[in-house]
Amino acid sequence: MIPDILVSAIQAVILISISPLIYGTVNKFKAWMQHRKGASVLQPYRDLGKLFRKDEAVSDSASWLFRVIPYVCLATMTLLALMVPFMFNGVLAPYGDLITMVYLFTLYRFAMVLGGLEGGSAFGGMGSSRTLMMSVLIEPALLLSLMTVCVLSGGGTSIGDMPELILAMGAAAFCPALILATASFIITLVAENARIPFDNPATHLELTMMHEGMVLEYSGRGLAMMELASMMRLTVFFTILGTLFVPWGIAVTTDIPSLAVGFATIIIKILVFAFAVAILENSVTKSRLFKIQNILTASFVLAMLAIVSLYIL
Amino acid sequence: MLFPVELFVALLVAPAIIGVVFSVFPRSRCAKAASLIACSISCIAGILTFFVMGPQPDPSYVFRVSSAFGTYNLEFDPLSSLMMSFSSFVFLMVLIHLVRSGSRYSPGYMGLMNLLFMSCMLAMCADSVMILLISWELITLTTFLMLSGADETSRWRYFTITHFGGLIIMAVFIAMWYATGTTVLSEMGGVISAVGETVAGVMIFLLFIGFGTKLGMVPFHVWMPDLYDSAPMHTVTLLSTVCSNVAVLILIKSTFLWIGVPDSYVLSMAIIALASVSAIWGAMESLVRIKPRVILAYSGMENMSMIVLCLAIGMIFLKLDFDNSLFIMILVAAILHTINHSFFKSLMLLSLGTVENSTGVHTMERMGGLAKVLPLLSVFAIIGTASMAAVPPMNGFVSEWLMIKTVIDAGVGDSVINIVLPLIVAVLGICGTMAAVSYVRLYGFMFLGRPRSAAAAEPGRISPSSMVPLGVLSCACIALGVLSIPVIYTIIDSMRKTLAITYEIENIIADSFHPVAISAVLIAVCLILYALFRVFRRGSRSVKTWGCGTDLDDNMQYSPSGFTQPLVHVFHPLYGDVSELIENDSGSTRTYNVHFKDPFTKYVMRPIGRGVLSLSERIGRIQNGNIQSYLGYIMIALIVTLLGVRFI
């Protein structure tokens, strides 16, 4: 038996360090589907390394806040990575709490929005404005879908207990509530990570960009931190989906075999999710801005149905 | 050695009365200063309430005045003392902020300040019907007088609406007096046992309406935006923080202590519906307004509605078959949010006042880039914004966390109420996010970007003494967030003593709530990264914002109205037909304005106003100026009175 805390620390480190790899993998899958060879899956590491070594150019209209924001974004994502179970049920710190998690995503988003407004350019403003429009619809859905899992497992809002409780339910966990909540969470995942059909991570065209618009003024280290935080966000979301909504396979004890199984299953799950995102990005187009709310409202309604079905059925 | 209660009451009230007296002297600086000092002494006494009254075995006081309306009692129960301490603290900060900008105010204003403080304190610890009604009325009157200089229409609107509420409150309390036969509130022992379920339910609902007029529940919020827009900033701050605290405290005490909660859910459901509509409407309005003061007005409406929502949920939890832990937690959330609201709202309003003083600009469309010229103020403002937006680990987050956590923890039962719980979480989530978006927008367009006017680019000097309260309030906002656990336990303890409730709290907070750990990790990661980047330094140069090859002028950036246009588009059915585009074409300059008309004014208040006017016109016809008819009226009145006296 390895001490819990050590496993939790190791899994947090793994989660943080593989996030550029996951990002690279999604891009690689996308390239394969387009019959391209694509960049290496290690390309994000190289990009980040190059950015960290570069000098910064800061807009003259930016204030002190502009320099603080990348730190805040990266620190928030690190905190979230420490909160999420990866291969082992249980998290590093005692503070893993679902509601706090939702509000930390808010903190991250708002820091980025303020960063977008710093430069005083129309691009940043546009990215910020559109992100906030989405966030009004995303966040309640996120809160409700996570609340569904929480009420379903019946164990309070502590993240570290949740996968185990759902595993203990056995087949009873396959109820409409969990399925609806998962569906809602997947929509949230795609929207939150600025993926097609909500946003296009590959372009800098002003018609499509939200996330890219907000980080447009950043360069050098600031940009590296923002990009790393955004890659971590994708991985954290994949991990939440893989451990809270579909927890089967996760290790509940800290002996080597079950940890190995847990590690293997979560990696397979993440690869499957990455593949699914790649398929989605290759099969649908970026939707018009004012059609986005229809999809997001669907996500909200699904989450609402999930929680209500839990209370009624 | 305990501090004598008599002496304490004297310390609390006497300086304020002396301050009022000082203000009658003609315009002299000494009188103003003396008045201010007197008020500060009272405030300091107020801050100490909780510490002085906590250890007292019998923290009550009876004024040595007797009248036909019974005795005048004060009761410093732990909950009231706690609220008095926090409110006095906020009041003192407002006073300190006022010192340097006080030259704009007359000595009379200072006197009213004293009177307002005294009446707020008395209303909080009032234990007899008369003292409560008198001090509540005094609060309304003094704030009305302190609003001189505000737009007259909105000022009278405030007067009318809050007096409507005041009349309702008066009626309910006098009914309570009539039903129990005593004017001492703590001796009533649950009015519900005297009047029955239904009447008690109606009483509580009326009290929520009555105090709701002050808190800004729909449709009584219509006085808020215009009044906040034009009134003196310090009055607005006190109105929005200390007076709201008074209203919430009296609501809690009268619902759960003096009247008692009826078994039926109809009452709580009605209040939940009203509060949800208010909260969402407040959040939605604050998204589209472009004046910072108006945004803060609607934000107050949203926050207060969330608190009222919590109280209504508390009524349900009290009656459901849970142990009392959920009830206690939701009430703690309400009280903590009230306290937090008074801190972050006063911080934001005072910062805004400072910005307005130094730049003379009152609308976001002419602000921008202030973080570069007023860096310290921008730090305070971002702390206030983060607290309002409920971002961890600030204080606003703690109370919102408690609300959502308690509702989620209520779990699956077999009651109809369970259908309502997820809806409540959805309401809390939606209006929380919407409000947060509007605060981010508020901060972003005030402090970030490039200046949108010359005045915003070169603000005047800010005196250090007006920065001190802002600094203290921001520290308090952080401290109430990071170190919230002891505060929560203090509130739980005072509530247990005040409401005499037994409860079992199985570490509902300690389980998963660790604000200290969260902030420690956040700060540690930032510091480690910063240290790394200091060691491996790279250069940084300043460049112009990229403008596609052109030089960007002041207006070539997002405008606050354009910023939330996508949201207006999405929620168009709700904003409805109330948006209009006005074009002013004056010579070479053209300005476009988007106006949103409050539908509650248009569809509720105006028809009522028209109805009252036409009714009074109709009644006015009996005034025909003919002496015979007047003699006839007198005769009819006499006969009716005589018959009435004979048969009743």
Original post:
Given the residues A:Leu143, A:Leu114, A:Leu79, which is the only one that is within 7 Å of chain B (Cβ to nearest Cβ), in a helix (DSSP H, G or I), farther than 17 Å from A:Ile16 by Cα and within 16 Å of the chain's Cα centre (by Cα)?
Top reply: A:Leu143
Subject >> Among (1) outside any helix (DSSP H, G or I); (2) within 30 Å of B:Tyr265 (Cβ to Cβ), the one test that B:Ile462 misses >> reply: (2)
**OP:** Tally the residues that are among the small types (Gly, Ala, Ser), within 23 Å of the chain's Cα centre (by Cα) and surrounded by fewer than 20 Cβ atoms within 10 Å (Cβ to Cβ), restricting the search to region B:186-227.
**Re:** 0
Original post:
Any idea how many residues of region B:118-140 are under 17 Å from the mean Cα position of the chain (by Cα) and without any contact (Cβ under 8 Å) to a residue 24 or more places away in the chain?
Top reply: 1
Subject >> Tally of residues being under 23 Å from B:Leu347 (Cα atoms) and either over 16 Å from the mean Cα position of the chain (by Cα) or small (Gly, Ala, Ser) (or both) across region B:230-258 >> reply: 6
Original post:
With respect to B:Val440, is the statement that it is assigned to a helix (DSSP H, G or I) and either under 26 Å from A:Ser128 (Cα atoms) or not hydrophobic (A, V, I, L, M, F, W, C) (or both) true?
Top reply: yes
Original post:
Which ranges mark the helices (runs of 4 or more DSSP H) fully within region B:343-416 that have 1 or more residues being out of contact with any helix residue (DSSP H, G or I) (no Cβ under 7 Å at 6 or more places or on another chain) and farther than 20 Å from A:Val68 by Cβ?
Top reply: none
Original post:
What are the residues in region A:262-300 that are more than 26 Å from A:Pro20 (Cα to Cα) and without any contact (Cβ under 8 Å) to a residue 60 or more places away in the chain, if any?
Top reply: A:Arg288, A:Phe290, A:Lys291, A:Asn294
**OP:** Working carefully through the options B:Ala38, B:Ala16, B:Ala31, find the one that is over 22 Å from B:Phe89 (Cβ atoms), small (Gly, Ala, Ser) and touching a residue at least 24 places away in the same chain (Cβ under 8 Å).
**Re:** B:Ala31
Subject >> Matching residues in region A:94-108 - criterion: being in contact (Cβ under 8 Å) with a residue 12 or more places away in the chain and assigned to a helix (DSSP H, G or I) >> reply: A:Leu98, A:Ile99, A:Thr100, A:Met101, A:Val102, A:Leu104, A:Phe105, A:Thr106, A:Leu107, A:Tyr108
Original post:
Quick one: which of A:Gly170, A:Gly120, A:Gly156 is at positive phi, outside any helix (DSSP H, G or I) and surrounded by fewer than 22 Cβ atoms within 10 Å (Cβ to Cβ)?
Top reply: A:Gly156
Subject >> Residues (within 13 Å of another protein chain (Cβ to nearest Cβ), hydroxyl-bearing (Ser, Thr, Tyr) and out of contact with any Asp or Glu (no Cβ under 8 Å at 6 or more places or on another chain)) located in region A:146-191 >> reply: A:Thr148, A:Ser184, A:Thr188
Subject >> Test set (1) surrounded by fewer than 24 Cβ atoms within 10 Å (Cβ to Cβ); (2) within 17 Å of the chain's Cα centre (by Cα) - B:Leu318 fails condition number >> reply: (2)
Subject >> Count of region A:38-59 residues which are in contact with a strand residue (DSSP E or B) (Cβ under 9 Å, 6 or more places away or on another chain) and under 14 Å from B:Arg538 (Cβ atoms) >> reply: 4
Subject >> helices (runs of 4 or more DSSP H) enclosed by region B:2-74 - at least 1 residues per element that are in contact with a Gly (Cβ under 8 Å, 6 or more places away or on another chain), at pLDDT below 85 and surrounded by 22 or more Cβ atoms within 10 Å (Cβ to Cβ) >> reply: B:5-22, B:29-47
**OP:** Go over the candidates B:Ser88, B:Ser101 one by one and state the one that is farther than 18 Å from B:Leu12 by Cβ, in a helix (DSSP H, G or I) and either at pLDDT below 85 or among the polar types (S, T, N, Q) (or both).
**Re:** B:Ser101
**OP:** Just need a number here: residues in region B:421-437 that are farther than 28 Å from B:Asn555 by Cα and either outside any helix (DSSP H, G or I) or more than 7 Å from chain A (Cβ to nearest Cβ) (or both).
**Re:** 7
Subject >> Hits in region B:445-472 (condition: among the hydroxyl-bearing types (Ser, Thr, Tyr) and more than 14 Å from every other protein chain (Cβ to nearest Cβ)) >> reply: B:Ser463, B:Ser465, B:Ser466
Original post:
Of everything in region B:594-648 that's polar (S, T, N, Q), free of Cβ contacts under 8 Å to residues at least 60 places away in the same chain and part of a helix (DSSP H, G or I), which residue is surrounded by the most Cβ atoms within 10 Å (Cβ to Cβ)?
Top reply: B:Ser629
Subject >> Which listed residue, of A:Thr243, A:Thr239, A:Thr297, is surrounded by fewer than 22 Cβ atoms within 10 Å (Cβ to Cβ) and more than 30 Å from A:Glu56 (Cα to Cα) >> reply: A:Thr297
Original post:
under 16 Å from B:Arg289 (Cα atoms) and either among the acidic types (Asp, Glu) or more than 9 Å from chain A (Cβ to nearest Cβ) (or both), is that true of B:Leu442?
Top reply: yes
Subject >> Sole residue being among the aliphatic types (A, V, I, L, M), free of Cβ contacts under 8 Å to residues at least 12 places away in the same chain and either more than 7 Å from chain B (Cβ to nearest Cβ) or not in a helix (DSSP H, G or I) (or both), chosen from A:Val91, A:Val68 >> reply: A:Val68
Original post:
Across region A:25-44, what is the number of residues that are assigned to a helix (DSSP H, G or I) and more than 30 Å from A:Ser121 (Cβ to Cβ)?
Top reply: 6
Subject >> Pairs, first more than 14 Å from chain B (Cβ to nearest Cβ) in region A:39-63, second assigned to a loop (DSSP other than H, G, I, E, B) and surrounded by fewer than 13 Cβ atoms within 10 Å (Cβ to Cβ), C-beta under 9 Å, six or more apart >> reply: A:Arg46/A:Ser40
**OP:** Under 9 Å between Cβ atoms, at least 6 apart or on separate chains: pull out the pairs that start in region B:282-298 with a residue that is in contact (Cβ under 8 Å) with a residue 40 or more places away in the chain and end on any residue that is in a loop (DSSP other than H, G, I, E, B) and of a type in the set (Ser, Thr, Tyr).
**Re:** B:Leu287/B:Thr564; B:Val288/B:Thr564; B:Ile290/B:Thr363; B:Ile290/B:Ser559; B:Lys291/B:Thr363; B:Pro292/B:Thr363
Original post:
Of the residues that make up region B:507-515, is at least one in contact (Cβ under 8 Å) with a residue 12 or more places away in the chain, of a type in the set (A, V, I, L, M, F, W, C) and within 7 Å of chain A (Cβ to nearest Cβ)?
Top reply: yes
Original post:
Is it true that B:Pro262 is touching a Lys or Arg at 6+ places or on another chain (Cβ under 9 Å) and at negative phi?
Top reply: yes
**OP:** Report yes if some residue within region A:263-274 is under 27 Å from B:Thr433 (Cβ atoms), in contact with a Lys or Arg (Cβ under 8 Å, 6 or more places away or on another chain) and part of a helix (DSSP H, G or I); otherwise report no.
**Re:** no
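The values are calculated or read from the model by the stated rules, or taken from the named source; none is laboratory data. Since the model is a prediction, treat every value here as computed from it, not as a measurement. Every residue, glycine as well, gets a Cβ built from its backbone with ideal geometry; the counts of neighbours run over all protein chains shown.
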